[in-house]
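The values are calculated or read from the model by the stated rules, or taken from the named source; none is laboratory data. Just so we're clear, the structure is a prediction, and the values are computed from it rather than from any experiment. As a convention, Cβ positions derive from the backbone with ideal geometry for all residues, glycine included, and neighbour counts pool all protein chains shown. Remember, those area values only see protein heavy atoms, side chains included, never the ligands or the DNA or RNA. Shrake-Rupley method; radii C 1.70, N 1.55, O 1.52, S 1.80 Å.
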Amino acid sequence: MLAFDIDEKRVVDRFLELVRIDSPSKHEAEVAKHCAKVLGELGFDVRIDGTAERTGCESGNVIGFLPASPSVAGAIALASHMDTVEPGRGIEPIITDGIISSAGDTVLGSDDKSGIASIIEAVQSIIENGAEHPNILVIFTTGEEIGLLGATALELTETERETFAGAPCLVADSDGAPGAITIGAAYHYEFVAEFKGLASHAGVEPDKGRSAIRMASEAISMMRLGGLGELATANIGSIGGGTATNVIPDSCKIEGECRAMTSEEVEAIRDDMQRCMESGAAKFGGSVDAKWKLSYPGMKLERDDELVLKLEGVANDLGLPFSADYSAGGSDANILGSKGFKPITVATGMTNFHATNELIEIEDLRNCARFIMNAIVSL
Ligand SMILES: [Zn+2]
């Protein structure tokens, strides 16, 4: 454990400054410029990657590299996302009894500016105190909230890919008290399916038509939905079709998804849902066209993985409650795993995120920065 501490006032000020910069998804340009400037002043080699055109976001991802101290080997990546959900414009943070919340009818933006502020504070403290550190890559992404866009498009240089291959990547982007980490997240597939039947007059020629709505409802009734086992789920999220009560509907669209911790398991659920749709369509003489997409891959570390044990040691040294869990939800961590990093999501203390009663305790902001700072020199 490092002998020095982070600067609590500075991390709070940094956080307040960040949430006052509007950055709803796709509109990250101003906050990206701000983050790039701060990292540059700390001595990072900073660039904004060229992904804006592909993601449709105003800015690319901010990527900052700080070379290791001469006597230190190894590398670590630190990631957070710059975009926030709506309502997230004109955020005015207020502090009451050590708790930061939003004064108005907006979210606070601690998802994920608590992560950005903590990461900057952690590296700043290390640099200012002259502590030895490994190669550090800071990644601040765009468009996380609308489909992990920035992380998916992330452009790394050849040197970065080599230097950080297999390196731990702390993704500071989950709720819960600092010290809690997420060591695995599920694979996620989603689909849009269109059932095709034949329209006819429901009263005059009822036997001539082929109802696409009956096909879809037959398919859905055959599906296994809901919780299907540990972190395995399936859901139909929307349905629509038909035009009028006196017309046998020739089209019906459904949308759904499934999740599971292994590719075998998630593909088995996907294939089963697909079979249900095909037999539902066949039963009523129609067809179905289902378009599946892997939204993001899963990632999983074992509870006794060396990296997990080291983070447990960091939490214990700092007196923070440690926990290591798996999640059915996705984040940039899912994508960064497929980019060659070894991602772990760390809790920042963000609470009630995506809601206007969102808040974060100053104590948690401080502990998140301390946890990341000590992890940088311990992994
Ligand atoms: Zn987030």
Residue separation between ASN235 and ALA103 times 0.36 nm, minus their alpha-carbon distance, gives in nm 43.9 nm
Can you give the three extents of the C-alpha atoms in region 106-208 along their principal axes, from longest to shortest, in whole Å? 85, 38, 23
Please work out how much length the chain gains when fully extended from ASN246 to SER71, using 0.36 nm per residue of separation minus the C-alpha to C-alpha distance, in nm with one decimal. 55.1 nm
Using C-alpha positions alone, give me the convex hull volume of region 187-296 per residue in cubic angstrom. 80
Estimated dipole of region 187-296 in Debye, rounded to 20 [Cβ of Lys and Arg +1, of Asp and Glu -1, Cα centre]: 300
Contact order normalised by length for region 54-122, with contacts defined as Cα pairs under 8 Å and 6 or more residues apart; what percent is it? 29
Per residue of the chain, what 222 nm ellipticity follows from adding -39500 (n - 2.57) for every DSSP H run with n ≥ 4, rounded to the nearest 500? -10000 deg cm²/dmol
Express the carbon and sulfur contribution to the solvent-accessible surface of the chain as a percent, rounded to the nearest whole number, probe 1.4 angstrom. 49
Inverse mean reciprocal Cα-Cα distance (Kirkwood Rh) of region 319-360, Å: 12.6
Pick from LEU78, LEU42, LEU108: which residue has the top mean-square fluctuation in a GNM of the chain where Cα pairs under 10 Å get a spring? LEU42
At 1.4 Å probe size, with every protein chain present, just tell me what the per residue accessible area of the chain comes to in Å². 41
Would you check the accessible area of LEU359, probe 1.4 Å, heavy atoms only, in square angstrom rounded to 10? 40
What longest region of the chain stays clear of trypsin sites (Lys or Arg not before Pro) that DSSP places outside H, G, I, E and B and that have at most 15 other Cβ atoms within 10 Å? 90-207
Whole-Hz Karplus couplings 3J(HN,Hα) for region 329-337, θ = phi - 60° and coefficients 6.51, -1.76, 1.60, Gly and Pro as x, run x, x, 7, 3, 4, 4, 6, 5, x
Put +1 on the Cβ of each Lys and Arg and -1 on the Cβ of each Asp and Glu in region 323-365; which of LEU359, SER327, GLY349 then has its Cα farthest toward the positive end of the dipole? SER327
For the chain, what does the relative contact order come out to in percent, with C-alpha contacts under 8 Å and a separation of six or more? 24
Find the Rg to Rh ratio for the chain, where Rh is the Kirkwood radius over alpha-carbon pairs and Rg uses the same atoms. 1.07
Here, GluC sites (Glu not before Pro) of region 249-303 satisfying both criteria (DSSP loop; at most 15 other Cβ within 10 Å) are GLU302
With contacts defined as alpha carbon pairs under 8 Å and 6 or more residues apart, what's the relative contact order of region 289-358 in percent? 28
Which links in LYS26/LYS253; LYS113/LYS293; LYS253/LYS293; LYS196/LYS283 stretch past 21 Å when you go from one Cα to the other? LYS26/LYS253; LYS113/LYS293
